[in-house]
Amino acid sequence: MHRYKDLKFWQLSRAFCKEIYLVTNTFPEDEKFGLISQLRRSSVSIPSNIAEGASRKSDKDFSRFLMISLGSCYEIETQLLISFDLNFINKEKLEELQNFLNQIIKMMSKFNSTLKV
């Protein structure tokens, strides 16, 4: 079992989730059940799956949950690009969020590669 609260990428994913909530507050109201909901659910999924995986007894199980978290990262990246295409976020915000997300992806991927599966 791993102490997920000590994992830097879990801490960053919580901060990223907060950023997603803040940026989606500026989206049009009619996106409430569209991109707003999708982005928020995906962003919550990242730290949640890290925490759930850390509670598992084997590295193999933990790795599986990290892969789910990584999938959510790429889902968010696509949703952010669509948000940019629809002019809900500007290029600067898109790049800022992509850089933040890439930092999490790199750290999580590196950690995942150290697990004995």
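The condition (being among the hydroxyl-bearing types (Ser, Thr, Tyr) and under 10 Å from the mean Cα position of the chain (by Cα)) is satisfied by just one residue among Ser58, Ser69: Ser69.
Scanning the range 61-102 for residues that are among the polar types (S, T, N, Q) and either in contact with a strand residue (DSSP E or B) (Cβ under 9 Å, 6 or more places away or on another chain) or exposed (fewer than 15 other Cβ atoms within 10 Å of the Cβ) (or both) yields Thr78, Asn87, Asn90, Asn99, Asn102. With respect to Leu12, is the statement that it is in contact (Cβ under 8 Å) with a residue 40 or more places away in the chain and either of a type in the set (A, V, I, L, M, F, W, C) or in a helix (DSSP H, G or I) (or both) true? It is true that Leu12 is in contact (Cβ under 8 Å) with a residue 40 or more places away in the chain and either of a type in the set (A, V, I, L, M, F, W, C) or in a helix (DSSP H, G or I) (or both). Within the range 103-116, can you find the residues that are surrounded by fewer than 13 Cβ atoms within 10 Å (Cβ to Cβ) and either touching a residue at least 60 places away in the same chain (Cβ under 8 Å) or not in a helix (DSSP H, G or I) (or both)? Passing the criteria: only Lys116. Screening the candidates Phe33, Phe16 for the property of being at pLDDT 95 or above and either aromatic (Phe, Trp, Tyr) or loosely packed, with under 15 Cβ neighbours inside 10 Å (or both) yields one hit, Phe16. Thr24 meets the conditions (1) more than 29 Å from Lys116 (Cβ to Cβ); (2) crowded, with 19+ Cβ neighbours inside 10 Å; (3) under 10 Å from the mean Cα position of the chain (by Cα) in every case but one. The failed one is (3). Scanning the range 16-39 for residues that are in a helix (DSSP H, G or I), farther than 15 Å from Leu70 by Cα and without any contact (Cβ under 8 Å) to a residue 40 or more places away in the chain gives Lys18, Tyr21, Leu22, Thr24, Glu29, Asp30, Ile36, Ser37.
The values are calculated or read from the model by the stated rules, or taken from the named source; none is laboratory data. Only a predicted model underlies this, so the values are computations on that prediction, with no experimental measurement involved. All Cβ positions, even for glycine, are placed from backbone atoms using ideal geometry, and neighbour counts span all protein chains on display.
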